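So the structure is just underneath, and the comments pick up after that.
The values are calculated or read from the model by the stated rules, or taken from the named source; none is laboratory data. Treat the numbers as computed from the prediction; the structure is a model and nothing was measured. All Cβ positions, even for glycine, are placed from backbone atoms using ideal geometry, and neighbour counts span all protein chains on display.
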Amino acid sequence: MRIAILSRNAKLYSTSRLVEAAQKRGHDVRVLDTLKCYMDIASMRPSVHYRGEKLEPFDAVIPRIGASITFYGAAVLRQFEMMGAYPVNESVALTRSRDKLRSLQIMARAGIGLPLTGFANLPDSTKDLIKLVGGAPLVVKLLEGTQGKGIVLAETQKAAESLIDAFRELDANFLVQEFIKEAGGADIRALVIGDKVVAAMQRQAMEGEFRSNLHRGGTATLVKLTPEERSTAVRAARKMGLNVSGVDILRSNHGPVVMEVNSSPGLRGIEEATGKDVADLVIQFIEKNAKPNTSRTRGKG
């Protein structure tokens, strides 16, 4: 099977592990720098070119597309879909999951547990917006932020009002969410492949920090999920339309709540914490499911 991996850097841990797993299982795999791909938008004969070469069709494509290049990355992935390649995660699902507001609205409609969340624009709505999420302390989160960046904890009502007004002055899009104090600075990353949680870890924030991201000094340990947590993770991934995803969950007093569904989850932390060969499981999923022209959207939207 010919497999393409869209990644800016072939040396990144997750990318190199996927290459290793694919080659070990006898596949022909190629890493393509997403931004160096360019497309021929031609009627009935779409193609992708790379460094002066017209690429031959691939059987499957694995998107490892960073948040900062979501728009162009989704366009490249959509072109591969139109050429008949099987996308591990489809372009529509990728863009859906990257839109924090849209993804929360989709999960809310499905009845999936979420933190109390508010979103507004008018400057005179600040106090009521804070009230909607249960008051301070609360978290203000930029819609475009990743890896814990653009997330600020406001511990008092006054701090919350000042922070929200400051973000508005910057014309930034942001969410206001309740602060789940009982989580104790820890969250759970559940790695979902297909309809199954294949690995899970608990991430603990470093002392004095409320963000548990490993990029911000958090530590990861193996964790056993409850049946409700497993069901929540699988339902969230399914609603996003993602075949491979990392679902971030907080343990709250009112059950598991989903913070985010990541369409390009890193593999290092979860493989090291759990001892699971997640990269191999991804390749196995492709082997079972990759068929030509099976993308549900086929570049339609």
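Per-residue answers, yes or no, for (1) closer than 21 Å to Asn243 by Cβ; (2) of a type in the set (Gly, Ala, Ser):
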{"site": "Ala22", "(1), (2)": "yes, yes"}
{"site": "Leu55", "(1), (2)": "no, no"}
{"site": "Arg78", "(1), (2)": "yes, no"}
{"site": "Asn89", "(1), (2)": "yes, no"}
{"site": "Lys100", "(1), (2)": "yes, no"}
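Scoring Gln23 on the criteria (1) within 20 Å of the chain's Cα centre (by Cα); (2) more than 18 Å from Val261 (Cβ to Cβ); (3) among the polar types (S, T, N, Q) leaves a single failure, condition (1).
Table: residues versus (1) at pLDDT 90 or above; (2) over 30 Å from Lys276 (Cα atoms).
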residue: Thr146; (1), (2): no, no
residue: Val152; (1), (2): no, yes
residue: Leu163; (1), (2): no, yes
residue: Arg168; (1), (2): no, yes
residue: Asn173; (1), (2): no, yes
residue: Glu182; (1), (2): no, no
residue: Ile188; (1), (2): yes, no
residue: Phe210; (1), (2): no, no
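Please find, among Leu138, Leu143, Leu191, the residue that is surrounded by fewer than 19 Cβ atoms within 10 Å (Cβ to Cβ) and among the hydrophobic types (A, V, I, L, M, F, W, C).
Sole residue among the options that is surrounded by fewer than 19 Cβ atoms within 10 Å (Cβ to Cβ) and among the hydrophobic types (A, V, I, L, M, F, W, C): Leu143.
Being among the charged types (D, E, K, R) and assigned to a loop (DSSP other than H, G, I, E, B) is the filter here, so list the residues in the range 36-89 that pass it. Answer for the range 36-89, where residues must be among the charged types (D, E, K, R) and assigned to a loop (DSSP other than H, G, I, E, B): Arg45, Arg51, Glu56, Asp59, Arg64. Take the conditions touching a residue at least 40 places away in the same chain (Cβ under 8 Å) and at positive phi and apply them to Gly84. Does it pass? Yes, satisfied.
Can you say whether Asp128 is more than 30 Å from Glu182 (Cβ to Cβ), assigned by TED's automatic domain parsing to the domain that holds Asn173 and acidic (Asp, Glu), as far as the supplied structure shows?
Values: more than 30 Å from Glu182 (Cβ to Cβ): no; assigned by TED's automatic domain parsing to the domain that holds Asn173: yes; acidic (Asp, Glu): yes.
Answer is no for this residue.
Those helices (runs of 4 or more DSSP H) of the range 90-145 in which 3 or more residues are touching a Pro at 6+ places or on another chain (Cβ under 8 Å) and closer than 30 Å to Lys291 by Cα are absent. Of all residues in the range 265-280, those that are in contact (Cβ under 8 Å) with a residue 40 or more places away in the chain and among the hydrophobic types (A, V, I, L, M, F, W, C) have Cβ atoms under 8 Å from Cβ atoms of residues that are outside any loop (DSSP other than H, G, I, E, B) and surrounded by fewer than 18 Cβ atoms within 10 Å (Cβ to Cβ), 6 or more apart or on another chain, in Leu267/Tyr13; Ala273/Thr221; Ala273/Leu222; Ala279/Glu20.
Return the only residue of Ala166, Ala172 being without any contact (Cβ under 8 Å) to a residue 40 or more places away in the chain, surrounded by fewer than 13 Cβ atoms within 10 Å (Cβ to Cβ) and outside any strand (DSSP E or B). Result of the check over Ala166, Ala172: Ala166. Residues of the range 14-64 being of a type in the set (Lys, Arg) and closer than 14 Å to Gln79 by Cβ, which ones? Hits for the range 14-64 are Lys36, Arg45, Lys54.
Consider only pairs whose beta carbons are under 8 Å apart and that are at least six residues apart or on different chains; among these, list those whose first residue lies in the range 179-199 and is over 19 Å from Leu153 (Cβ atoms) and whose second residue is surrounded by fewer than 22 Cβ atoms within 10 Å (Cβ to Cβ) and aromatic (Phe, Trp, Tyr). Filtered contacts from the range 179-199: Ile193/Phe285; Gly194/Phe285. In this structure, does Ser16 turn out to be of a type in the set (Ser, Thr, Tyr), at pLDDT below 95, outside any strand (DSSP E or B) and out of contact with any Leu (no Cβ under 7 Å at 6 or more places or on another chain)? No: the conditions fail for Ser16. Would you confirm, using the coordinates I've provided, whether Met107 is assigned by TED's automatic domain parsing to the domain that holds Asp280 and of a type outside the set (Gly, Ala, Ser)? So Met107 fits the description; yes.
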